[in-house]
Structure formats: C-alpha cells, structure tokens
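Engineer: Take this structure, written in structure tokens, and hold onto it; I'll ask about it next.
Every number in this text was worked out from the coordinates using simple rules, so none of it is lab data. The structure displayed is predicted, hence computed values, not measured ones. So basically every Cβ, Gly included, is an ideal-geometry build from the backbone, and we count neighbours across all protein chains shown.
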Amino acid sequence: MIKKNDVVSISYILKNAKGEELGRAEVKEPLNYLHGAGNIVPGLESAITGLAVGDKKEVTILPENGYGEVDPALMLKIARTNFPADIDIQPNMQFSSDMGGQERIFTVDRIEGTDVCVNGNHPLAGETLNFSVEILAVREATQEELAHGHVHDGSGHHH
C-alpha cells in the first residue's frame with residue numbers, strides 16, 4: 001500500500017481533455033518519485049495513495065490539483081531591449097527569471113513589434129490531465145532520499 005515516504009515507480013500515459021497525448025513513462029523507463037514530497041502533481045499523488053504494485057488506475061485531474069489555472073499575471077510583455085541584443089528571440093524559447101525570490105521558467109509566445117510576449121505559466125496550466133497509471137514498484141525511501149526530498153534512482157539525474 002503506497003504511503004508517505006515510499007519510493008514509487010509508475011508507468012503512465014498522460015492525455016489532455018481532447019485525448020491528445022502529452023507525455024508518458026514507459027514500463028522500462030518508469031517515473032520514480034518520493035510519495036508525499038510533492039514530486040508529482042497533488043491530484044495524482046492523492047489518487048495513488050493506498051494503491052499496491054500491479055494496480056492500474058485512470059485518474060482525471062482538474063487544473064487546481066494539477067499545474068494550476070493559467071495566471072494572467074504571468075503573461076508578460078517585455079520590451080525587446082530587456083533581452084541581450086545578440087540573442088535571436090524566437091517563439092517557444094525558454095528562459096528563467098527570478099520572481100519574488102523563486103525561479104520561474106518563461107516561454108516566449110510571440111514577438112509583437114518591439115515587444116516580446118512571454119508566458120510564465122506551466123505549459124500544462126489550465127489543462128485537465130487524464131492519467132492512465134500502473135504501479136510497478138514500491139519500496140521504503142532511504143534516509144538520504146528523505147533528507148533530499150527526492151529519489152536517488154542511480155540514473156544520476158533528479159526528477
């Protein structure tokens with residue numbers, strides 16, 4: 001039974017409300033995360049709590065339990081002069097900026113004359129998320145994982 005501080009391995013397929021696939025984790029390359037540490041969206045974490053290895057579940061997550069609603073305050077128009085002159089600004093380029101002490105990733109939406117329109121919302125903000133999840137493995141987290149708040153799965157990268 002999955003509970004707080006378990007390391008959980010899942011495979012999933014994520015689709016939006018229109019049925020378009022947004023992402024997946026295959027059985028051979030599952031997503032490993034620390035349950036209860038906020039490593040995955042809250043709606044998915046709560047839906048998985050109490051499941052066991054081999055369980056499969058369809059989970060629909062509304063934006064408030066996923067990546068949040070689209071925040072208009074994060075849709076900004078920035079004068080082109082605020083960007084380095086030697087960078088060719090193009091739609092879908094990403095850059096990070098410090099906002100209120102936390103780093104935010106902004107994506108360039110479009111260029112309007114001398115303004116660059118950027119969006120600091122998560123790409124899936126405002127989306128209803130439909131997950132098809134399968135629980136592949138569950139184990140207790142190590143002390144180091146608990147201290148760091150995420151899984152050390154030997155792959156050398158942090159999720």
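Engineer: Where the centroid of each part is defined by its Cα atoms, how far is region 107-150 from region 29-76 in Å?
Structural biologist: For region 107-150 versus region 29-76, the Cα centre distance is 9 Å.
Engineer: A follow-up question, please. Can you list the residues, at least 5 places off or on another chain, whose amide H is less than 5 Å from the amide H of M75, using H built in the peptide plane?
Structural biologist: G120
Engineer: For the chain, what does the helix formula give at 222 nm: sum of -39500 (n - 2.57) over DSSP H segments with n ≥ 4, over the residue count, nearest 500 deg cm²/dmol? Kindly include the intermediate steps, with their values, before the conclusion.
Structural biologist: Numbers: 2 runs with 13 residues, N = 159.
Taken over the chain, the calculation gives -2000 deg cm²/dmol.
Engineer: Another one. For semi-axes √(5λ) of the Cα gyration tensor in Å, the choices are [x] 31, 20, 14; [y] 45, 18, 10; [z] 35, 18, 14; which was calculated from the structure?
Structural biologist: Structure-derived value, by its label: [z].
Engineer: To the nearest 20 Debye, how big is the dipole of the chain about its Cα centre, given +1 on the beta carbon of each Lys and Arg and -1 on that of each Asp and Glu? If you can, show how the numbers build up before the last one.
Structural biologist: On the way: 13 positive and 24 negative charges, 53 e Å.
Here the chain has a charge dipole of around 260 debye.
Engineer: Here's a follow-up. Just subtract the alpha-carbon distance of L22 and T142 from 0.36 nm times their residue separation and send over the number in nm, one decimal. Don't skip to the answer; put the middle values down first.
Structural biologist: Numbers: separation 120, 0.36 × 120 = 43.20 nm, distance 3.14 nm.
Value of the extension gain: 40.1 nm.
Engineer: Got a sec? Charge dipole of region 72-119, +1 on Cβ for Lys and Arg, -1 for Asp and Glu; which of I87, M75, M99 is way out at the positive end?
Structural biologist: M75
Engineer: Something else about it: Within 10 Å, at most 10 other Cβ atoms, and a DSSP state outside H, G, I, E, B define an exposed site. Report the longest part of the chain free of exposed trypsin sites (Lys or Arg not before Pro). It would help to have the intermediate numbers written out before the result.
Structural biologist: Details: sites that count: K18, K28.
Between the exposed loop sites, the longest stretch runs 29-159.
Engineer: I would also like to ask the following. Using the Kirkwood radius over Cα pairs, work out the Stokes-Einstein diffusion coefficient for region 61-116 at 10 °C and 1.306 mPa s, in µm²/s as a whole number. It would help to have the intermediate numbers written out before the result.
Structural biologist: Working: Rh = 13.0 Å.
For these conditions, the coefficient is 123 µm²/s.
Engineer: Right, another one. Do any GluC sites (Glu not before Pro) in region 1-34 lie in a DSSP loop with no more than 12 other beta carbon atoms within 10 Å, and if so, which? Present the calculation step by step, with values, prior to reporting the outcome.
Structural biologist: Numbers: sites: E20, E21, E26; in loops: E20, E26.
Listed in order of number, the matching sites are E20, E26.
Engineer: Also: Using 7 Å Cα-to-Cβ label points, what is the K3/I87 separation (nm, one decimal)?
Structural biologist: In this crude label model, K3 to I87 measures out at 4.7 nm.
Engineer: Here's a follow-up. Treat every Asp and Glu Cβ in region 72-119 as -1 and every Lys and Arg Cβ as +1, leave all other atoms uncharged, and give the resulting dipole magnitude about the Cα centre to the nearest 20 debye.
Structural biologist: On the way: 4 positive and 7 negative charges, 25 e Å.
Dipole of region 72-119, to the nearest 20 debye: 120 debye.
Engineer: Okay, next question. Chymotrypsin sites (Phe, Trp or Tyr not before Pro), restricted to region 46-126: which are DSSP loop and have at most 13 other Cβ atoms within 10 Å?
Structural biologist: Numbers: sites: Y67, F95, F106; in loops: Y67.
Passing sites in region 46-126 do not exist.
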